[in-house]
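Here the structure is laid out as structure tokens; the discussion comes afterwards.
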Amino acid sequence: MSVPRIVLGSTSRYRAGLLHRIIDDFEQAAPDTDETPLPAETPRARAARLAEAKARAAASNRSDALVIGSDQVAALGDTVLHKPGSIEIAHEQLRASSGKVVDFFTGLCVVDTRDGHCRSALDLTRVVFRELTDAEIDRYLERERPLDCAGSFKSEAGGITLFERIESTDPTALIGLPLIALAKLLREAGFALP
């Protein structure tokens, strides 16, 4: 069997940067996926469903490829924290998260277009925020402007100062692509990694 191409079903620069840590050559494809939540869908189920949907969408019309889909849903209790898009919403999210735990569910799916097999994993990372003042939130948002990040922070940068701790089995999952789980799924599909 030939060595398959690797396709990342995402246009995210964060996910691409992570994938470059373990694979030099891959394609990126924008998955055409409806991300509307289903009625009564849990954050965990939504992340898993959308990761598979993105992988399958990017896999269509491709052969001899391993197509990676990933999706992340951040939840503060029953409230899903979307990408804020504005400083005001980012401030509201960080104020609400202050002194609390935010769960990040990161779904991962690898579709093998050679045989249609779908391999999947789900990571849970818990972020424990310290008590934040409005001035700290304002300084952080001014410095990083994390408007395209669920939960309104970048843990790989200055956002790390907002936390008491992070509980995780894979530190890359919080950035959007759990590389430990991905490496396992790729090896299971026969792709050689160190």
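Here, each number is a calculation from the coordinates, and none is a lab measurement. Because the structure is predicted, anything quoted here is derived from the model rather than measured. As a convention, Cβ positions derive from the backbone with ideal geometry for all residues, glycine included, and neighbour counts pool all protein chains shown.
A few comments on the model shown:
- Taking GluC sites (Glu not before Pro) across the range 87-194, the ones in a DSSP loop with at most 11 further Cβ atoms lying within 10 angstrom of their Cβ are Glu131.
- When the alpha carbon coordinates of the range 2-45 are projected onto the principal axes, the ranges are 40, 22, 17 Å, largest first.
- Taking θ as phi - 60° and the Karplus parameters 6.51, -1.76 and 1.60, the scalar couplings of the range 146-154 work out to x, 6, 10, 10, 4, x, 6, 8, 10 Hz in sequence order, x denoting glycine and proline.
- Global size of the range 5-188 as Cα Rg and Dmax, reported in angstrom: 16.6, 54
- Summed side-chain charge close to Glu88 - residues other than Glu88 whose Cβ falls under 12 Å, Lys, Arg +1, Asp, Glu -1: -1
- Remark: the range 127-191 is approximated by an ellipsoid whose semi-axes, taken from the C-alpha gyration tensor as √(5λ), come to 30, 13, 7 Å, largest first.
- The chain: angle of helix 87-97 to the longest principal axis, Cα-based, in degrees nearest 10: 80
- The distance linking the range 103-151 with the range 17-41 is 13 Å (Cα centroid to Cα centroid, whole angstrom).
- Expected-Rg normalisation [2.2 N^0.38 Å, Cα atoms] applied to the range 33-107: 1.32
- Nearest-0.05 FRET efficiency for Asp24 and Leu147, computed from C-beta distance (R0 30 Å): 0.50
- Between Arg126 and Asp64, the modelled label-to-label distance comes to 4.7 nm, taking each label 7 Å out from Cα in the direction of the beta carbon.
- For the range 166-181, Karplus couplings with θ = phi - 60° (6.51, -1.76, 1.60), whole Hz, Gly/Pro x: 10, 10, 7, 9, 8, x, 7, 4, 5, 7, x, 8, x, 5, 5, 5
- Here r is the Cβ-Cβ distance between Asp78 and Leu193 and R0 is 35 Å; the resulting FRET efficiency, rounded to 0.05, is 0.40.
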